[in-house]
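No value in this document is a laboratory result; all are computed from the given coordinates. Since the structure is predicted, the reported quantities are computational estimates derived from the model, not experimental observations. Counting neighbours? That spans all protein chains shown, and the Cβs are built from the backbone with ideal geometry, glycine included.
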Amino acid sequence: MTKKMWTILAAACVAAMAGPVLPARAAEGLKTGGKSIEADDSATVMTSDKLTFDYRKKFAIFEGSVVVSDPRMQLKSDRLTVVFGDDDKIKTIKAEGKVFITQGDKKARGDVATYDLVTGKIVLVGGPPQVLQGRNIMEAEVITFWRDEQRVECRPRARLVVYSDDFEKSKNPLLAP
């Protein structure tokens, strides 16, 4: 995904530098509800009111009405910062301001979500953060997920509300992928 993300960001920057002149295929894509012809169901599509991309400093900042649509999840926030390492692979992604993440029947919200791609750790803070699945609710001041371990830690003041009939339907509510 890192090469793919880099390609998406680079293409967005090239498009921004190109100005109002659109290639025929892109203009045609705009006529089909704004979805580009190249954007199929396997693509990660990132939109915002403004994109700042700095090749030398290796970061991209999406600002205003940020939406990330990925085959596995959708994220909305006011601002999204992507930081690249020296190898041009994504190191961290930080979403700020009214963060809302949807993945299947699970929803998460908070003020800030930080994703470290190297460790697979996702930290949700502020609001206070909540994770919801059906009627079940998990909340704390800090909610930390480990992507590859199907593990979550809530602290301090952790609170879990589980409805037994919902719990029986899912063998691992709030953690199942």
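By the scheme Lys and Arg +1, Asp and Glu -1, what is the net charge of all other residues having a beta-carbon under 12 Å from that of Asp49? Display every interim value, and only then the final one.
On the way: positive: Lys50, Arg79; negative: Glu63, Asp78.
Charge balance near Asp49 sits at 0.
What does the charge count near Ala140 come to, summing +1 for each Lys or Arg and -1 for each Asp or Glu among other residues with Cβ under 9 Å from its Cβ? It would help to have the intermediate numbers written out before the result.
On the way: positive: Arg155, Arg157, Arg159; negative: Glu139, Glu141, Glu153.
Once positives and negatives cancel, what remains is 0.
Considering the convex hull of the alpha carbon atoms of the stretch 44-169, report its projected area averaged over all viewing directions, in nm², one decimal.
On the way: hull surface 33.3 nm².
Orientation-averaged projected area of the Cα hull: 8.3 nm².
Full extension from Asp105 to Thr52: what is 0.36 nm times the residue separation minus their Cα-Cα distance, to one decimal in nm?
Full-extension gain reported as 15.8 nm.
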Practice item. Calculate the dipole size of the stretch 44-169 relative to its Cα centre from +1 charges on Lys and Arg beta carbons and -1 charges on Asp and Glu beta carbons; express the result in debye to the nearest 20. Key: 140 debye
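Just in the stretch 72-105: which trypsin sites (Lys or Arg not before Pro) are loop by DSSP and have at most 15 other Cβ atoms within 10 Å?
On the way: sites: Arg72, Lys76, Arg79, Lys89, Lys91, Lys94, Lys98; in loops: Arg72, Lys89.
When the trypsin sites (Lys or Arg not before Pro) of the stretch 72-105 are filtered for loop state and at most 15 Cβ neighbours within 10 Å, Arg72, Lys89 remain.
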Practice item. State, to one decimal in nm, how far the label point of Val67 lies from the label point of Gln130, with both points 7 Å from Cα in the Cβ direction. Key: 2.3 nm
